[in-house]
Amino acid sequence: MSLEKLVARIKAARHHPGKRSASSASRISSDERGVEIVEFIAIMPLMLAIGLLVWQVLVFLHVPMHTSYAVREGARTAAAYEDARGAVARVVGGSYDYQVSVGSCSPGSPVRVRARLRVPMIEIPYIGRLTQIWTDSTATMRCEPPWK
């Protein structure tokens with residue numbers, strides 16, 4: 001077969017795709033119906049895993065700030081001779097597991113409040129939580145003399 005005839009057949013196949021002689025494999029490969037849904041189903045678990053990982057990092061960064069705020073609020077309350085544990089509990093709410101320790105308060109001396117909050121972790125089905133991470137924070141404030 002000469003080069004001119006080969007070029008003519010290629011041009012004819014481009015202009016008349018239905019008339020070209022193709023094997024069944026090339027006809028199947030040229031049919032791209034449904035490819036988008038298959039690609040979506042293939043990539044969706046990866047996107048979900050990345051989204052959950054980003055969410056977990058954001059929660060991990062938020063909890064230490066929340067812990068320090070709760071401890072400062074508890075130390076302010078303890079410095080005024082009020083219930084520091086209750087103040088920490090109000091700030092933390094029911095959303096976290098926590099532990100609180102409060103030192104004694106006498107006029108002019110410092111009072112120390114320490115709290116630990118457990119970082120909520122995403123639970124993986126059939127596996128559960130992979131680990132437990134706790135954040136610690138301590139605040140110290142001077143006890144004020146009582147009101148008279």
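Out of (1) on the phi > 0 side of the Ramachandran plot; (2) in contact with a helix residue (DSSP H, G or I) (Cβ under 7 Å, 6 or more places away or on another chain), the odd one out for Gly128 is which?
Among (1) on the phi > 0 side of the Ramachandran plot; (2) in contact with a helix residue (DSSP H, G or I) (Cβ under 7 Å, 6 or more places away or on another chain), the lone unmet condition for Gly128 is (2).
Return the residues of segment 102-148 that are polar (S, T, N, Q), at pLDDT 90 or above and more than 20 Å from Phe60 (Cα to Cα); say none if nothing qualifies.
Thr140
If I filter segment 1-13 for residues that are at pLDDT 65 or above and outside any helix (DSSP H, G or I), do I get at least one hit?
Scanning segment 1-13 turns up at least one residue that is at pLDDT 65 or above and outside any helix (DSSP H, G or I).
The values are calculated or read from the model by the stated rules, or taken from the named source; none is laboratory data. Computed from a predicted model, the values in this text were never measured in an experiment. Here Cβ is always computed from backbone atoms with ideal geometry, including for glycine, and neighbour counts include all displayed protein chains.
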